[in-house]
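One structure is given below, encoded as structure tokens.
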């Protein structure tokens with residue numbers, strides 16, 4: 001059969017549509033559009049002055065500091081990570097990313113951006129998909145601990161994670 005593949009790039013999302021030309025010639029317009037594939041390269045943007053971050057489908061996290069625009073921090077995620085589903089930059093300059101792993105778990109990884117040599121560490125939190133009934137992550141918020149602040153109010157690290165309509 002004669003098929004036409006159309007590639008479209010809209011923002012950071014690549015769309016591939018497959019059109020069946022023969023179905024169109026036969027007047028079967030509803031059967032012309034065979035398939036669509038959506039390919040995203042960038043995931044999980046975060047912004048908290050002076051930092052901006054994003055993750056790619058190649059399991060790499062990039063972090064930019066507005067005060068040092070010539071230096072881009074690049075972190076390769078561990079091999080067990082499938083993808084970054086959410087990320088958050090705290091007021092205390094900590095980067096947290098929520099990832100899916102190959103063994104069906106969610107993990108939260110951490111980078112202390114105030115450190116002299118920031119490294120990816122963690123997981124600081126790990127739980128199985130089954131604990132949230134396999135629901136997808138739709139929101140992620142973090143309150144960093146107050147130990148790095150000028151006045152330590154003994155506030156502990158908190159994660160608020162929304163899995164579809166359920167808050168954890």
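The values are calculated or read from the model by the stated rules, or taken from the named source; none is laboratory data. Since this is a predicted model, take the numbers as computed values, not measurements. In this analysis, Cβ positions are derived from the backbone assuming ideal geometry, glycine residues included, and neighbour counts consider all displayed protein chains.
Give me a count of the residues in region 84-119 that are part of a strand (DSSP E or B) and either surrounded by fewer than 16 Cβ atoms within 10 Å (Cβ to Cβ) or outside the structural domain of residue 157 (by TED's automatic domain parsing) (or both).
Number of matching residues: 0.
If I filter region 32-51 for residues that are over 22 Å from the mean Cα position of the chain (by Cα), outside any strand (DSSP E or B) and at pLDDT below 80, do I get at least one hit?
Looking for residues that are over 22 Å from the mean Cα position of the chain (by Cα), outside any strand (DSSP E or B) and at pLDDT below 80, one finds at least one in region 32-51, hence yes.
Please state which one of 75, 95 is within 13 Å of the chain's Cα centre (by Cα) and within 17 Å of residue 116 (Cα to Cα).
Matching residue, one of 75, 95: 95.
Considering only region 60-67, I want to know if a residue exists there that is surrounded by fewer than 19 Cβ atoms within 10 Å (Cβ to Cβ) and within 15 Å of the chain's Cα centre (by Cα).
yes
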